[in-house]
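Worksheet: the structure to be examined is printed underneath.
The values are calculated or read from the model by the stated rules, or taken from the named source; none is laboratory data. From a predicted model like this one, the values you see are computed outputs, not experimental measurements. Virtual Cβ from ideal backbone geometry, glycine too; neighbours counted across all protein chains shown.
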Amino acid sequence: MKRAAFVLFGLLLGICFASEYQFIGYQGGKSYSYIERTDLRRYDNGKYKGLVSREIRSQIVDEGSSDQCTLYEGSFYVYEATKRSKAIVFPGLDDSIPASFGITPEGTLEMYEDNGYPTFRGFPTYTTKQIKPGDSWKANAVRTVDPLNKGIFTKMPILVEYTYLRDEVYNGEEVFLLSAKWATRYGRGYMDPDGDSAMLDASGSNSATIYVSKATGMAVVIRDSVDEVYTYADGNKIAFKGTINIFTKYQPAINDDEISTVIQNVTGISDYGDKVNYGKVESNIVNIEKRKNGICLSIPNLQFKSDSPELLDTEKNRLDKLAEILKQAGSSMLLIEGFTADTGNPKGELALSKERAKVIATEMVKRGLSSDRFVIKGRGSAQPIADNSTKEGMAKNRRVEITILN
């Protein structure tokens, strides 16, 4: 009897011990918004120069996944606070900065189209082992910096030490709380050949807390305390002290009832709600289709001037109706994709398709939608929906699609 009780106690102890261990992995698979807020005190050669405030916003679109990683594309917008007026300078659609990258289950990030953003790559990175509170691990990451705002980004490799602190609840969501520490070291054995050649050295320290969603593995909040000095070829030493805060958030669910009502009013399709669940709904204003990543509004036979991104005046009414629909999408991200017919000029078609997508986004902004909700992509002639050998087919392939992302 005593032996049985001892064995049972041992089993219960083992179960309790095992339950302390957790596996943190990045699940991916959804579009999300990204905000990076920087508030740093700047010192030039030891003299205080003022507060540097910057906000980077992005809409990141899930482009599909494989066993190795989840693919994303996005547009980044940089909001600056001016020194004299402290007014926020808002970017326009022409100021959007494109990026594409992949993220592995461990959190490693590989860039495919790199224009400096996101500034943290492979951060955080998770261990492949099961861990319990108090456990630590180290992983490499990369940070891009442009301290003097020259438009030249320098990649700095960093070695980060992570510690799993405890479990918490953040904004009603269960999260892992991690700490992260690393030293800033640049110019001592490594120089980025594509970076700012005048930046000779960087040193300092960073200490961050990270809230990681248990459900998705996404770092929903990162709070980084910064203390760094950058040395330049002219002898100047530029120091920054302060914080960088990063917030990520999955898109809210689309309110189908509200969208259905406005689509019915705009298109005159009384039974839209039933039809769209079984396939594409067509009208002379927009074609509507429910897809994996959201609700796609395709503008058929859109009338542009020949080989130009300029719309004909006859499209004004359709654009007004389209804006009515999009205004009911709340804060959802909007993916605008331009497509062309195949004319035998792939490079020109790609450029033209992006310009046409941007024109539609600009028209939507004129009608009251915020520019930072848009992700703009040109697809060229690579995804035809009709036969390019006929005039009618080519007209169908010349289209713009707007997806209300979920």
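Quick notes
- Within the range 189-228, the set of residues being under 20 Å from residue 152 (Cβ atoms) and charged (D, E, K, R) comprises 192, 194, 196, 201, 228.
- All conditions in (1) under 16 Å from residue 300 (Cα atoms); (2) modelled with pLDDT of 90 or more hold for residue 366, with the sole exception of (1).
- Residue ID - nearest to residue 334 (Cα to Cα), chosen from residues in the range 380-396 that are of a type outside the set (Ser, Thr, Tyr) and buried (at least 18 other Cβ atoms within 10 Å of the Cβ): 380
- Qualifying residue in the range 31-42 (condition: touching a strand residue (DSSP E or B) at 6+ places or on another chain (Cβ under 9 Å), assigned by TED's automatic domain parsing to the domain that holds residue 100, in a strand (DSSP E or B) and at pLDDT below 90): yes
- Selection of the range 126-145 for residues being farther than 11 Å from residue 164 by Cα, at pLDDT 95 or above and either β-branched (Val, Ile, Thr) or surrounded by 15 or more Cβ atoms within 10 Å (Cβ to Cβ) (or both) yields 139, 141, 142, 143, 144, 145.
- Among the residues listed as 10, 28, the single one being modelled with pLDDT under 80 and not in a loop (DSSP other than H, G, I, E, B): 10
- The range 337-374, residues that are in contact with a Lys or Arg (Cβ under 8 Å, 6 or more places away or on another chain), more than 18 Å from residue 76 (Cα to Cα) and small (Gly, Ala, Ser): 338, 341, 353, 368
- Filtered residues of the range 137-157 (kept if part of a strand (DSSP E or B) and of a type outside the set (Ser, Thr, Tyr)): 137, 138, 139, 140, 141, 142, 143, 145, 155, 156, 157
- Qualifying residue in the range 49-65 (condition: touching a strand residue (DSSP E or B) at 6+ places or on another chain (Cβ under 9 Å), farther than 28 Å from residue 100 by Cβ and part of a loop (DSSP other than H, G, I, E, B)): no
- Residue list for the range 197-225, filter: surrounded by 18 or more Cβ atoms within 10 Å (Cβ to Cβ) and touching a Gly at 6+ places or on another chain (Cβ under 6 Å): 217
- Look at the range 323-351: where a residue is without any contact (Cβ under 8 Å) to a residue 12 or more places away in the chain and a partner is of a type in the set (Val, Ile, Thr), sitting 6+ places away or on another chain with Cβ atoms under 9 Å, you get 348/340.
- Hey, residue 160 crowded, with 20+ Cβ neighbours inside 10 Å, in the same structural domain as residue 73 (by TED's automatic domain parsing), assigned to a strand (DSSP E or B) and not polar (S, T, N, Q) or not: yes
- Taking residues in the range 294-313 that are more than 14 Å from residue 353 (Cα to Cα) and of a type in the set (Val, Ile, Thr), and partners anywhere that are assigned to a loop (DSSP other than H, G, I, E, B) and at pLDDT below 80, the pairs with Cβ atoms closer than 9 Å and at least 6 places apart or on different chains are 295/254; 295/406.
- Screening residue 320 against (1) modelled with pLDDT of 85 or more; (2) touching a Phe, Trp or Tyr at 6+ places or on another chain (Cβ under 8 Å) leaves a single unmet condition, (2).
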